[in-house]
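Written out below as structure tokens is the structure these notes cover.
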Amino acid sequence: GNSVTQMEGPVTLSEEAFLTINCTYTATGYPSLFWYVQYPGEGLQLLLKATKADDKGSNKGFEATYRKETTSFHLEKGSVQVSDSAVYFCALSEPSNTGKLIFGQGTTLQVKP
Amino acid sequence: ETGVTQTPRHLVMGMTNKKSLKCEQHLGHNAMYWYKQSAKKPLELMFVYSLEERVENNSVPSRFSPECPNSSHLFLHLHTLQPEDSALYLCASSQARTGAGVSNTQYFGPGTRLTVL
């Protein structure tokens, strides 16, 4: 079945460091790919998405490119801030009428000043 | 962000209580979802409603009973829960696919933190 695998955390970085959170997926067909972020005590917020191969999603300085050849959707940011500390979830949407999401296990990012 | 609201935000209940969680979406969507988020476990999809019909039930115990009276509201009725049911319960909504290219992005509420004593 379809699945999403994220790198294990926690990831601890200093402010202004470069961030990469790896995400790979297994899917039949052509899923859409998403990154969601969850700040402490809150629900999930959509960070960015890509709907087809080679699409790049971007938002708030974060980027991820849909790579079909490597089945990956790695999240990157050039310079992280303390306010980026959160849990990041990679997800895929199965092509269906319900838009069901399959989530990875989440990666905790902690940014220190 | 007030697109999807959930009440209450926090709930403490005993194992013999009956309570309900409420979700409301103001985005004009026609699909709604319940997820369970437990510590150190992946997000678990519980129920999916599309066009007010339940289209998915992921082997959820009968002590959880969903209700979707219209496309804007979703409830999760709880009864005789167990301590292991303590978790963050998240509601989400999206526009169910009605043709090629329709967005299926899900938007989440803030969650209800449930503690079962």
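Observations
- Pairwise Cα inverse-distance average, inverted: Kirkwood Rh of the protein assembly as shown (Å): 18.2 Å
- Rounded FRET efficiency, nearest 0.05, which uses the C-beta distance separating B:Val55 from A:Lys112 and R0 of 41 Å: 0.40
- Karplus-derived 3J(HN,Hα) values for the stretch B:23-37, using 6.51 cos²θ - 1.76 cosθ + 1.60 with θ = phi - 60°, are 9, 9, 10, 10, 10, x, 7, 10, 10, 9, 9, 10, 10, 10, 10 Hz; glycine and proline are entered as x.
- Computed FRET value (nearest 0.05) for A:Ser3 with A:Lys56, which takes r as the C-beta separation and R₀ as 22 Å: 0.45
- The Cβ shell under 15 Å around A:Glu8 holds other residues with a net charge of +2, Lys and Arg each +1, Asp and Glu each -1.
- For the protein assembly as shown, the solvent-accessible area of protein heavy atoms averages 47 Å² per residue (probe radius 1.4 Å; ligands and nucleic acids excluded).
- The stretch B:19-117: trypsin sites (Lys or Arg not before Pro) in DSSP loop, at most 14 other beta carbons within 10 Å: B:Lys40, B:Arg63
- For the pair the stretch B:1-30 and the stretch B:42-65, the centres of their Cα atoms are 15 angstrom apart.
- Database remark: amide H of A:Ala17 closer than 5 angstrom to the amide H of A:Val80 (H placed geometrically; neighbours at sequence offset of 5 or more, or on other chains; Pro and chain starts carry no H).
- Summed over both chains, the area buried between B and A is near 1700 Å², taken from the accessible surface of protein heavy atoms with a 1.4 Å probe.
- For the protein assembly as shown, a simple Cβ point-charge model (Lys and Arg +1, Asp and Glu -1, everything else neutral) yields a dipole of about 340 debye relative to the Cα centre.
- Bridge orientation summary for the protein assembly as shown: considering DSSP beta bridges with both residues in this region, about 90 percent are antiparallel.
- Within the stretch A:1-95, trypsin sites (Lys or Arg not before Pro) in DSSP loop having at most 16 other beta-carbon neighbours inside 10 Å: A:Lys52, A:Lys60, A:Lys68
- Remark on the stretch A:60-109: hydrodynamic radius 12.7 angstrom, per the Kirkwood mean of 1/r across alpha carbon pairs.
- Taking 4.7 Å between C-beta atoms as the pairing limit, the protein assembly as shown has these partnerless cysteines: B:Cys68.
- Candidates per GluC sites (Glu not before Pro) in the stretch A:1-93, loop by DSSP, up to 13 other Cβ within 10 Å: A:Glu8, A:Glu15, A:Glu16, A:Glu69
- 3J(HN,Hα) along the stretch A:9-23, derived from phi through the Karplus expression 6.51 cos²θ - 1.76 cosθ + 1.60 where θ = phi - 60°, amounts to x, x, 9, 10, 10, 8, 3, 6, 6, 7, 10, 9, 10, 7, 9 Hz, with x in place of Gly and Pro.
The values are calculated or read from the model by the stated rules, or taken from the named source; none is laboratory data. It should be emphasised that the depicted structure is a prediction, and the values quoted were computed from it without experimental measurement. Heads up, the Cβs are rebuilt from the backbone with ideal geometry, glycines too, and the neighbour counts pull from every protein chain shown. Accessible surface is based on the protein model in full, side chains and every heavy atom, while ligands, DNA and RNA are left aside. Shrake-Rupley method; radii C 1.70, N 1.55, O 1.52, S 1.80 Å.
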